[in-house]
Amino acid sequence: MVMPSKKKSNAPVCRLCSLICRPYALLQACFLWTLFCLALWTLTDGIHIKIFQPTRPKPVPCNNSSSIISAFDMGISDEEWERLQKAIDWPIPDQEIINLNQSTSPVHSTFSIVGFKESYKVGEKISVIITARDHNKNLKRYGGDFFKAKLFNAELKASVYGEVLDHHNGTYSVELLLPWEGQAQVSVRLEHSSEVVQILKKYRDSSFPRSHYNGYFEGPGLNKTKIHEVVECNLKWGADGSWSKGDCCCEYKDIKTETVWQCERPKELSCDQLVHHSYGHLEDPLNLFEQQLFTKNLTNVAISGDKKVITVLRSTALIGTMEKCRSGMKTPVPAGFYLYDVWKSFVCNTRQFSPAQMANCLKNKTVYLMGDSTTRQWFEYLERNVPGIKRMDLHTPPANGPLMAVELKNNIIVHWRPHGVPVRFSKMPITDLHYISNDIDEIAGGPHAVIVFTFFAHLVFHPITFYVYEVAKIRQSVVALLRRAPETTIIIKSGNTAGLKNIFQSDWHVLQLDTVMREMFRDIDGVIFLDVWQMTSCHYLREHIHPRPVIIANEVNMFLSHVSPSCGLFKLILFHKENGKLNWLSEG
């Protein structure tokens, strides 16, 4: 529950960062410390006294909020924070870029296939080299460009993801699996230059409020009238994390997570009369030069290279897996591939489910979907496809929820609820916004309980240290649930690629958060990480924050394969071509 307070936070301001940021104060502090030391020396007749000081957490460097966030503040150890920083480390330019021509050019950057052959066999790999050049056609000397690569066949509606390896010298390499029989081509896009990534990182690590929110206060006025006031709200993060100065603010501190939400103080109403929440405006921090680097002709552009058609012949080598889906399975690269718009997973033995099979797999299950609108898409898919399931009227907005659907014959219950603030939804009761960790704490769990959460899209506007803090709280709740009910199914749906490629909603942000989530849950037994990043990154449809229906269908089939593995058949692993059509060679 969110608790309001009229009082300003009495949390101490980060003194160290304030001193560093104010040279005069630093000199003054050093002078006073010197006087203290001389006095102590005099009082002890010059005898050296060793004063014990407890070990303090290592701080994150100062940002423009003049506050330090330590690993302790995030709820993790120093060692884990160092590991997370290594995991999300990304090369940036080794110099200050002041000229657009110095940035990576999608026109002059190219890719080539290494050792191209006349034909390959299913299961083989090809190597691709990407060479980044600036607008003057000069080879880049450093890495950090955000490229995306895939192999595809438009006729077969087939594609597979390729992970780009940065060599930190302007060159990149990709290994692409050849998983289907037929033809294939390589596609490489420059999503962001390294210079843009440098800008994304700068504002991600700062406390600049790129996203603002609205708080709606309501209360009685004179002569039975009603007062409505709308004020600006935002996250408070750090010792001096207020985005608004002056007489600020109403503070709402969650009892369990201790997350603090702030709203400007309304003029007439009290802080406990906050009723609704909604997204507000976006604030662009970019200067004119930075805006040039983000222009459409430089962002998410396909680069030129080998357009050779790759011929892939049938092979007797097995490709794929027949292992049942379970928790603790690693996600390989690639995690699977599309063929005729059907995702073939390399993680575990997945299948496509008919409506009747969906109902059978979800029989006697209570499904808790949490997070953002991409898990709501799963709710809507199940609502459309599970026979007999009906949405209950909870008198809530259909897009904002919370939502609930039931199917009485097979005793199926499906819930969906958005996560807590910060969240960019249209106007809705703030009491309907719950922190994921709190909701998990309220679930008894058991073999009938299935929990799915995603926590990415709405967090890209805020410092990554806050994201680590929130994920640490969720992890704590997940671990507690698995201790009391180890048979509970818990699935983390990864972030997906989006249509926007700007300072607000860049896929680079989501990829960074996705890496943090994976790292923080990698040693937690009993958790399933469902990778939809690769599924959305390599599909032929244009990327969108809400994946298109064909992708959602494949995501839900992956989900159902984990919920009830016994419902699945053996995986389709071999293919052959006959009369111009790709046919299944073996099926369990």
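The values are calculated or read from the model by the stated rules, or taken from the named source; none is laboratory data. Since the structure is predicted, the reported quantities are computational estimates derived from the model, not experimental observations. Glycine gets a Cβ as well: all are built from the backbone with ideal geometry, and neighbour counts include every protein chain shown. Side chains included, ligands, DNA and RNA excluded: accessible areas come from the protein's heavy atoms. Shrake-Rupley method; radii C 1.70, N 1.55, O 1.52, S 1.80 Å.
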- Message: If I filter segment 336-371 down to residues being more than 16 Å from ILE491 (Cα to Cα) and of a type in the set (A, V, I, L, M), which single residue comes out as surrounded by the fewest Cβ atoms within 10 Å (Cβ to Cβ)?
- Response: ALA356
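Can you tell me which residue within segment 127-145, out of those that are assigned to a strand (DSSP E or B) and over 29 Å from the mean Cα position of the chain (by Cα), is nearest to ASP531 (Cα to Cα)? Step through it out loud before you land on a result.
Going through segment 127-145, the residues assigned to a strand (DSSP E or B) turn out to be 127-131, 133-134, 139.
Now narrow it down to the ones that are over 29 Å from the mean Cα position of the chain (by Cα): 133-134, 139.
On the way: ARG133: 32, ASP134: 33, LEU139: 34 Å.
Taking the candidates together, the pick is ARG133.
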- Task: Could you pull out every one of the strands (runs of 3 or more DSSP E) wholly within segment 223-283 that has 2 or more residues that are under 29 Å from ILE440 (Cβ atoms) and of a type in the set (Gly, Ala, Ser)?
- Result: 274-282
- Task: List the number of the failed condition for GLN273; all other conditions in (1) of a type in the set (S, T, N, Q); (2) within 30 Å of PHE208 (Cβ to Cβ); (3) surrounded by fewer than 15 Cβ atoms within 10 Å (Cβ to Cβ) hold.
- Result: (3)
- Query: Got a number for residues in segment 320-335 being open to solvent by 50 Å² or more (accessible area, probe 1.4 Å) and more than 25 Å from ALA154 (Cα to Cα)?
  - Reply: 6
- Would you check if there is a residue in segment 52-71 being within 25 Å of the chain's Cα centre (by Cα), at pLDDT below 95, within 30 Å of SER304 (Cβ to Cβ) and part of a loop (DSSP other than H, G, I, E, B)? no
- Restricting to strands (runs of 3 or more DSSP E) lying wholly in segment 146-194: which have 1 or more residues that are acidic (Asp, Glu) and within 16 Å of GLY336 (Cα to Cα)? 171-177
- Item | Total residues in segment 426-449, condition in contact with a Ser or Thr (Cβ under 7 Å, 6 or more places away or on another chain), assigned to a helix (DSSP H, G or I) and among the hydroxyl-bearing types (Ser, Thr, Tyr) | 1
- Item | Failed item in (1) surrounded by 16 or more Cβ atoms within 10 Å (Cβ to Cβ); (2) over 21 Å from the mean Cα position of the chain (by Cα); (3) in a strand (DSSP E or B), with TYR213 passing the rest | (2)
- Note on the structure: Scanning segment 72-109 residue by residue, the ones that are in contact with a strand residue (DSSP E or B) (Cβ under 9 Å, 6 or more places away or on another chain), crowded, with 16+ Cβ neighbours inside 10 Å and not in a helix (DSSP H, G or I) total 8
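Residue-wise test of (1) among the β-branched types (Val, Ile, Thr); (2) farther than 19 Å from ASP514 by Cβ; (3) touching a His at 6+ places or on another chain (Cβ under 9 Å); (4) without any contact (Cβ under 8 Å) to a residue 12 or more places away in the chain.
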| site | (1), (2), (3), (4) |
| --- | --- |
| PRO402 | no, yes, yes, no |
| VAL421 | yes, yes, yes, no |
| ASP441 | no, yes, no, no |
| PRO447 | no, yes, no, no |
| VAL452 | yes, no, no, no |
| PHE456 | no, no, yes, no |
| PHE461 | no, no, yes, no |
| THR465 | yes, no, no, no |
| VAL468 | yes, no, no, no |
- Task: Tell me, yes or no, whether segment 287-299 has at least one residue that is of a type in the set (Phe, Trp, Tyr), within 23 Å of the chain's Cα centre (by Cα) and either closer than 30 Å to GLY215 by Cβ or loosely packed, with under 13 Cβ neighbours inside 10 Å (or both).
- Result: no
- Query: Where in segment 480-588 are the strands (runs of 3 or more DSSP E), entirely inside, with at least 1 residues that are modelled with pLDDT of 95 or more and more than 25 Å from ILE88 (Cβ to Cβ)?
  - Reply: 489-493
- Message: Among the residues in segment 532-542, are any open to solvent by 10 Å² or more (accessible area, probe 1.4 Å) and of a type in the set (Gly, Ala, Ser)?
- Response: no
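So, in segment 100-119, how many residues would count as being of a type in the set (S, T, N, Q) and over 16 Å from ARG141 (Cα atoms)? Explain how you work it out, then say what you get.
At the first step, the residues of segment 100-119 found to be of a type in the set (S, T, N, Q) are 101-105, 109-110, 112, 119.
Of the ones still in play, those that are also over 16 Å from ARG141 (Cα atoms) are 112, 119.
Qualifying residue count for the region: 2.
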- Note on the structure: Expected single match for of a type in the set (A, V, I, L, M, F, W, C) and over 30 Å from MET535 (Cα atoms) among TRP237, TRP180 is TRP237
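Can we say MET404 is modelled with pLDDT of 95 or more and open to solvent by less than 30 Å² (accessible area, probe 1.4 Å)? Step through it out loud before you land on a result.
Working: modelled with pLDDT of 95 or more: yes; open to solvent by less than 30 Å² (accessible area, probe 1.4 Å): no.
When the stated conditions are applied, MET404 does not pass them.
Listed residues GLU232, GLU191; which is among the acidic types (Asp, Glu), open to solvent by less than 30 Å² (accessible area, probe 1.4 Å) and either out of contact with any Leu (no Cβ under 8 Å at 6 or more places or on another chain) or over 30 Å from THR431 (Cβ atoms) (or both)?
GLU191
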- Task: Would you please name the residue that is nearest to ASP145 (Cα to Cα), looking only at residues in segment 284-312 that are assigned to a loop (DSSP other than H, G, I, E, B), of a type outside the set (Val, Ile, Thr) and touching a Lys or Arg at 6+ places or on another chain (Cβ under 9 Å)?
- Result: ASN300
- Would you mind stating whether LEU313 is open to solvent by 30 Å² or more (accessible area, probe 1.4 Å) and at pLDDT below 90? no
